[in-house]
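The values are calculated or read from the model by the stated rules, or taken from the named source; none is laboratory data. Since this is a predicted model, take the numbers as computed values, not measurements. Note that we place each Cβ from the backbone using ideal geometry, even for glycine, and neighbour counts take in every protein chain shown. We work out accessible area using only protein heavy atoms, side chains counted, and drop any ligands, DNA or RNA first. Shrake-Rupley method; radii C 1.70, N 1.55, O 1.52, S 1.80 Å.
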Amino acid sequence: PLGGLNALHFMRLAHIQQGDQVLVNGAGGSIGAFGVQIAKTMGAEVTAVDSSIKEQLLRRLGVDHFIDYSKEDFTKSGRAYDVIFNMVARTPHSACINALNQGGRYIMANPRISDMLRSVLTDRLTGKKTIFAFAGEKMEELLALREMIEGGTIKPVVDRVYPFEQAAEAHHRVETEQRLGTVVISPATN
């Protein structure tokens, strides 16, 4: 449930309001796929950024707009967002800040140290907020996530399940970015 817990934690910190424009960069991974769905339940209009192989999955999850990062840089599109939820560490901090509306929130799920330091200046000088607080993985969040899944509001997306003996292959699958959702390693059963 780690992806879902992180997404729920950050979407709550973003204080998404009905009609907010939310962009999820790295939307096809475990955190991003849950982030897309949770933002939609909060009433956001969601733009997903990821590889073209993930477009259909993300559309099934409810995204309103899709950007293939290999063809378009969302930070140069001229569009502005109320929330940018970023899982891609190599995305330039200043470019994301510039793609926010005034009062916008930049959520960093995978921040670099330099971005954490820049966030202090961003918050003081731009009228925009940066957030990178790590998820507490609290029981209340797990129960809320379970309730959303059982209620059909959101759904987990599992790419593949690997037996424990194939953990290296599972890790390689994640590194290739070809996965559609979460890769699961199942403990051996006897």
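Cβ separations smaller than 9 Å between residues 6+ apart or across chains give the following pairs from the range 22-33 residues that are farther than 20 Å from Pro92 by Cβ to residues that are of a type in the set (Asp, Glu) and in a loop (DSSP other than H, G, I, E, B): Gly28/Glu177. Exactly one residue out of Thr153, Thr126, Thr182, Thr176 is touching a residue at least 60 places away in the same chain (Cβ under 8 Å) and either touching a Cys at 6+ places or on another chain (Cβ under 7 Å) or over 22 Å from Ala44 (Cα atoms) (or both): that is Thr182.
Selection of the range 41-56 for residues being farther than 18 Å from Cys96 by Cβ and crowded, with 20+ Cβ neighbours inside 10 Å yields only Lys54.
Of everything in the range 83-104 that is buried (at least 20 other Cβ atoms within 10 Å of the Cβ) and in contact with an Asp or Glu (Cβ under 7 Å, 6 or more places away or on another chain), the residue that is nearest to Ala33 (Cα to Cα) is Val83. With a requirement of 1 or more residues that are hydroxyl-bearing (Ser, Thr, Tyr), the helices (runs of 4 or more DSSP H) lying completely within the range 72-181 that satisfy it span 93-98, 113-125. Of everything listed in (1) closer than 23 Å to Gln17 by Cα; (2) open to solvent by 60 Å² or more (accessible area, probe 1.4 Å), the single unmet condition for Leu145 is (2). Taken over the range 7-33, the residue count meeting the criterion of being farther than 15 Å from Asn101 by Cβ and open to solvent by less than 20 Å² (accessible area, probe 1.4 Å) is 12. Could you check, for the range 54-72, whether at least one of its residues is at negative phi, β-branched (Val, Ile, Thr) and at pLDDT 95 or above? Checking the range 54-72: at least one residue is at negative phi, β-branched (Val, Ile, Thr) and at pLDDT 95 or above. Within the range 98-114, the set of residues being free of Cβ contacts under 8 Å to residues at least 24 places away in the same chain and under 21 Å from Ala7 (Cα atoms) comprises Pro111, Arg112, Ile113.
In the range 57-70, the residues that are more than 22 Å from Asp20 (Cβ to Cβ) and open to solvent by less than 20 Å² (accessible area, probe 1.4 Å) never reach a residue that is in a loop (DSSP other than H, G, I, E, B) and acidic (Asp, Glu) with C-beta atoms less than 6 angstrom apart, at least six apart or across chains. In the range 34-50, the residues that are within 18 Å of Pro156 (Cα to Cα) and part of a helix (DSSP H, G or I) form Cβ pairs under 8 Å with partners that are at pLDDT below 95 and of a type in the set (D, E, K, R), at six or more places apart or across chains, as follows: Gln37/Lys155. The number of residues in the range 21-45 that are in contact with a helix residue (DSSP H, G or I) (Cβ under 8 Å, 6 or more places away or on another chain) and either of a type in the set (Val, Ile, Thr) or over 27 Å from Thr176 (Cβ atoms) (or both) comes to 7.
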